[in-house]
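Accompanying notes for the structure given below.
The values are calculated or read from the model by the stated rules, or taken from the named source; none is laboratory data. None of the values given here were measured: they were computed from a predicted structure. Cβ placement follows ideal geometry from the backbone for every residue including glycine, while neighbour counts extend to all protein chains displayed. Note: areas computed on protein heavy atoms with side chains; ligands, DNA, RNA excluded. Shrake-Rupley method; radii C 1.70, N 1.55, O 1.52, S 1.80 Å.
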Protein chains: 4
Amino acid sequence: MNTGRLEAFSDGVIAIIITIMVLELKIPQGASLAGLKPLLPVFAGYALSFIYVGIYWNNHHHMMHAVKSVSGGVLWANLHLLFWLSTVPFVTAWMGEHPLAEAPVALYGVILLMNALAWLLLQTMLIRHEGGESELAKAIKAGLKERISPALYVAGIVAAFVFPPAALLFYVAVAAIWFIPDRRVERQLGMR
Amino acid sequence: MNTGRLEAFSDGVIAIIITIMVLELKIPQGASLAGLKPLLPVFAGYALSFIYVGIYWNNHHHMMHAVKSVSGGVLWANLHLLFWLSTVPFVTAWMGEHPLAEAPVALYGVILLMNALAWLLLQTMLIRHEGGESELAKAIKAGLKERISPALYVAGIVAAFVFPPAALLFYVAVAAIWFIPDRRVERQLGMR
Amino acid sequence: MNTGRLEAFSDGVIAIIITIMVLELKIPQGASLAGLKPLLPVFAGYALSFIYVGIYWNNHHHMMHAVKSVSGGVLWANLHLLFWLSTVPFVTAWMGEHPLAEAPVALYGVILLMNALAWLLLQTMLIRHEGGESELAKAIKAGLKERISPALYVAGIVAAFVFPPAALLFYVAVAAIWFIPDRRVERQLGMR
Amino acid sequence: MNTGRLEAFSDGVIAIIITIMVLELKIPQGASLAGLKPLLPVFAGYALSFIYVGIYWNNHHHMMHAVKSVSGGVLWANLHLLFWLSTVPFVTAWMGEHPLAEAPVALYGVILLMNALAWLLLQTMLIRHEGGESELAKAIKAGLKERISPALYVAGIVAAFVFPPAALLFYVAVAAIWFIPDRRVERQLGMR
């Protein structure tokens, strides 16, 4: 089975996730500029989640580019990742409502962690399917980013119960690390 | 007419169905972790429906892979299946609101049953269109899973009026049976 | 410019329209089967609109199959059709709330009429773009269905202010006429 | 990396944006035609935003047609454009609620301005990626429309605080300028 329909379906789900988040931006009651002020943290949270989902789309794009075919297990590992991505709008909305509250900020980290673990699982299943000598396996052998991210999320979750703004710094840091698409894969495949 | 646009449209509809279900996960009123507790059954119901819709996408993917072309009747049988799939978010939301109540649990089973029958109809029309000697016809000759599932749904619907948790066990059992993509088709086509 | 991306974008918009309509099916307040009763007209309206949008998708599929390339004007005629299709969920929701009230039933007909006119416009621009000797032009020369439908819609709109159920009969009749994909195009192209 | 998946993902996001805007058209409370009156400005705003998003889709289509491959930077410039496009439904809803109020009309202009700047950034990154001698670079050398639009938006934003209807005229004027797909690109590529 080739990767075409898997990519198309993933694109569809990710496109919807990234777009329906904005529906949480409820319009202010009045017509004054001042009414926009309480929306600023919601908007910032939306922007952060947009970047996160964008990173996943970007890296999904890159990883699938190095993949030849998919198995039934890969299809489910991919759906599993999409499931956790689909919970991002929920936790973004909760954090937006209570910007610096402990529980929402911690749960945001938990959801990011679940996404990171689902990504690792998908990657592992793809490498097992493609074989240890495949381009994909060589390209992500090191996998430094994949290993650092969960640790940073856990640190963020713990920090959320002490000083929530610090947790947000952890989450922004992981986003910054991943912002650049995976040069290792690009280099291995000689892509531009 | 080839299957390309039918698959693309089905992917789009299924991607939207699977994603908008999460919009039913309304954020809790306060900012405490305790506020998440009443959401747990809603979340569990969402996860079950996500798996169900995922199974349909997965098997749709497999079945269409064995199909050469589609007729007008197949297009409508496919839209008919998409119609019943589109009612899954509604009944998931109702069951999530009343996790172990008789009527919502029974209706959940009715909707799953309608989906199963719509699937059987689509399969029948595809086999008639492709011909009895086609790869598809040979691959799903036995059709054990397709015949057991409706019976289990009916059992679940009846059970819902006696002891709702038992009904949920039936629904989870059918999901488990279908979880693995259809090996018969894969074997027949020599796909990986 | 080829028709690929136009079809993909139209598929996306139509898939969303057909799916978000179900979001209007608000879950009943209690957990009893009796609570579903007031939803029946909403459900029937949803089913009718689903069939209508399905017909447009189906015929769009067929028409574009006979088209070689598109112009800027065709792109906008297509967006114009998508605009009117996107208003179907709104009017379906209004009619669902007031099933046999004059104004909602009449507006439903007006929206269907606008869609039919947008379809005619798209067809006209495609024929002008493809040329009078094109396969498309020959295939839909007669265009009986396209001419009868607006008349039936107008009859339905007028009927809505006298006896709303009669208007609904007109709308169902047009759906029945269009239910079968356009055999003329299929025959001309020798498609199955 | 080729442009296929970037176009498909952009199509998905734009299709969702253009369609969920209609969800803001809340059905009137009663069943009378008079109840539709307060919806007219909301409907007009929806139509204007539909045209704006349609213009972006149309021009995105044209620009990507002249592009051979994309870089990581282009992927992000594209996501950045999609982010600002995704805020259009929010500001359309706010302006629809307060049709001629200063702040909503001004913010509508600000969002259009951000979209125009995001478009310029994407265009700049594409030309840098494709090279100064590319078809794309030659085609949009002049870029008159791209330079006039931001100035007109700024004029509209200023006007919003003096006389909001004048601001709307500015926004409609820009839409009119862009309504016709970019003939320069079409001419350069010899497309129809």
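Points to keep in mind about this one:
- Here is the P(r) of region C:1-121: all C-alpha pair distances, binned every 10 Å from 0, give 13, 40, 27, 14, 5, 1 in whole percents.
- Couplings for region B:158-167, taken from phi via the Karplus curve 6.51 cos²θ - 1.76 cosθ + 1.60 with θ = phi - 60°, read 5, 4, 4, 8, 9, 8, x, x, 5, 4 Hz in order; Gly and Pro are left as x.
- In loop segments of region D:119-167 as defined by DSSP, the chymotrypsin sites (Phe, Trp or Tyr not before Pro) with at most 13 further C-beta atoms inside 10 Å of their C-beta are D:PHE161.
- Here region D:84-165 is treated with +1 on each Lys and Arg Cβ and -1 on each Asp and Glu Cβ, and its dipole about the Cα centre works out to around 200 debye.
- Taking the empirical scaling 2.2 N^0.38 Å for compact globular proteins as reference, region B:1-64 has a Cα radius of gyration ratio of 1.51.
- Residue-wise HN-Hα coupling along region B:85-93, computed from phi with Karplus coefficients 6.51, -1.76, 1.60 (Hz; x: Gly, Pro): 4, 5, 8, 4, x, 4, 6, 5, 5
- The residues of region C:76-111 listed by number as losing at least 50 Å² of accessible area in the complex, against the isolated chain and with a 1.4 Å probe, are C:TRP76, C:LEU79, C:PHE83, C:SER86, C:PHE90, C:TRP94.
- In region A:49-143, the trypsin sites (Lys or Arg not before Pro) that fall in loop regions by DSSP, at most 15 other Cβ within 10 Å: A:LYS68, A:LYS141
- Positive minus negative residues near C:ALA8 (Lys, Arg vs Asp, Glu; Cβ under 15 Å): -4
- Other copies of C:SER134: label-to-label distances in nm, shortest first, labels 7 Å along the beta-carbon direction: 3.0, 3.0, 4.3
- C:ILE20 - accessible surface, heavy atoms, 1.4 Å probe, Å² rounded to 10: 10 Å²
- Distance (nanometres) between label positions extended 7 Å along Cα→Cβ at C:LEU33 and C:GLU133: 6.6 nm
- The equivalent ellipsoid of the protein assembly as shown has semi-axes of 35, 35, 30 Å, largest first, where each one is the square root of 5 times an eigenvalue of the Cα gyration tensor.
- Cα→Cβ-extended label distance, 7 Å offset, between A:VAL154 and C:PHE43, nm: 4.9 nm
- Only helices enter this figure: runs of n ≥ 4 DSSP H residues, each worth -39500 (n - 2.57), summed and divided by the residues of chain C, yield -24500 deg cm²/dmol at 222 nm to the nearest 500.
- Basic side chains Lys and Arg get +1 at the Cβ, acidic Asp and Glu get -1 at the Cβ, and with that the dipole of the protein assembly as shown about its Cα centre reaches some 1200 debye.
- Debye log10 I(q)/I(0) at q = 0.17, 0.22, 0.23, 0.25 Å⁻¹ for region C:52-146, Cα point scatterers: -0.76, -1.08, -1.15, -1.30
- Nearest-first distances (nm) between copies at B:GLY4, label 7 Å from Cα via Cβ: 0.7, 0.7, 1.0
- Spherically averaged projected area of region D:32-95 from its Cα convex hull (nm²): 5.3 nm²
- Region D:36-126, accessible surface, carbon-and-sulfur percent (1.4 angstrom probe): 77 percent
- Label-to-label distance for C:ALA173 and C:ALA101 is 2.6 nm, based on points extended 7 Å past Cα in the beta-carbon direction.
- Each residue of region B:39-52 was assigned a 3J(HN,Hα) from its phi angle through the Karplus curve 6.51 cos²θ - 1.76 cosθ + 1.60 (θ = phi - 60°); the sequence is 7, 4, x, 4, 5, 4, x, 4, 4, 4, 5, 4, 5, 4 Hz, with glycine and proline shown as x.
- Solvent-accessible surface ranking, highest first, for C:ILE51, D:ILE17 at 1.4 angstrom: C:ILE51, D:ILE17
- Residues of region A:27-98: accessible area per residue with a 1.4 Å probe, Å²: 30 Å²
- For region A:6-32, a decrease in accessible area of 40 Å² or greater in the assembled protein chains relative to the isolated chain, with a 1.4 Å probe, applies to A:PHE9, A:ASP11, A:ALA15, A:ILE16, A:THR19, A:ILE20, A:VAL22, A:LEU23, A:ILE27, A:ALA31.
- Net charge of neighbours whose Cβ lies under 13 Å from the Cβ of C:GLU97, counting Lys and Arg as +1 and Asp and Glu as -1: +1
- Take the accessible area of chain B alone and of chain C alone, subtract that of the pair, and you get about 3100 Å² summed over both chains, using a 1.4 Å probe.
- Length-normalised contact order of chain C in % [C-alpha pairs under 8 Å, at least 6 apart]: 25 percent
- Ascending list, in nanometres, of distances separating the A:PHE163 label from those of the other copies (7 Å, Cα toward Cβ): 5.5, 5.5, 7.8
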